[in-house]
1. Which members of the range 43-86 meet the condition of being within 18 Å of the chain's Cα centre (by Cα), farther than 14 Å from Y11 by Cβ and not aliphatic (A, V, I, L, M)?
2. Looking only at the range 18-33, filter to residues that are loosely packed, with under 14 Cβ neighbours inside 10 Å and not polar (S, T, N, Q); which one of those is nearest to the chain's Cα centre (by Cα)?
3. On the given criteria, is L36 modelled with pLDDT of 95 or more, closer than 22 Å to M1 by Cβ and part of a helix (DSSP H, G or I)?
4. Just a yes or no: is a residue in the range 21-33 within 18 Å of A71 (Cβ to Cβ) and of a type in the set (G, A, S)?
5. Here are the criteria: (1) in contact with a helix residue (DSSP H, G or I) (Cβ under 7 Å, 6 or more places away or on another chain); (2) not in a helix (DSSP H, G or I). Tell me which single one K27 does not satisfy.
6. Are any residues in the range 42-83 free of Cβ contacts under 8 Å to residues at least 24 places away in the same chain, within 15 Å of A6 (Cβ to Cβ), part of a helix (DSSP H, G or I) and not β-branched (V, I, T), and if so, which ones?
Amino acid sequence: MGDKFAHTLFYGVLCGLSFRAFVVQEKFSLLKHCALCAAFIFTILYGVTDEVHQLYVWGRTSDILDVTADAFGGLIFVIAFSLFQEWKSGITSVEVPDSKV
């Protein structure tokens, strides 16, 4: 169980860091524009390639549940970031009523 929690945590961080990298780069405008989705896809693909790699490492095993935990970590980041953005935009769009009486 702790192994799956670690996968979720580390791949959530990976998703966040890759999102940050995609947002600040200037070469590929589509990647910059779709950074959150691209970071999520990158996280899943990295998790899959990591498990395929483990098939060929002596003493290691590959587990589809690890990939699921990896994807879940990325999804948690995507949801948390989206909720934060929504909350942040709600704060900035609050209108102050006129105090004219």
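The values are calculated or read from the model by the stated rules, or taken from the named source; none is laboratory data. These figures come from a predicted structure and were not determined experimentally. A quick note on method: Cβ atoms are made from the backbone with ideal geometry, for glycine too, and the neighbour counts reach across all protein chains shown.
1. Correct list: F81, S82, F84, Q85, E86.
2. Looking only at the range 18-33, we keep the residues that are loosely packed, with under 14 Cβ neighbours inside 10 Å, and these are 20, 24-30, 33.
If we keep only those that are not polar (S, T, N, Q) too, we end up with 20, 24, 26-28, 30, 33.
Numbers: R20: 10, V24: 16, E26: 20, K27: 21, F28: 19, L30: 17, H33: 15 Å.
The selected residue is R20.
3. For L36, the condition - modelled with pLDDT of 95 or more, closer than 22 Å to M1 by Cβ and part of a helix (DSSP H, G or I) - is not met.
4. So far as the range 21-33 goes, no, none of its residues is within 18 Å of A71 (Cβ to Cβ) and of a type in the set (G, A, S).
5. Failing condition for K27: (1).
6. D50, E51, Q54
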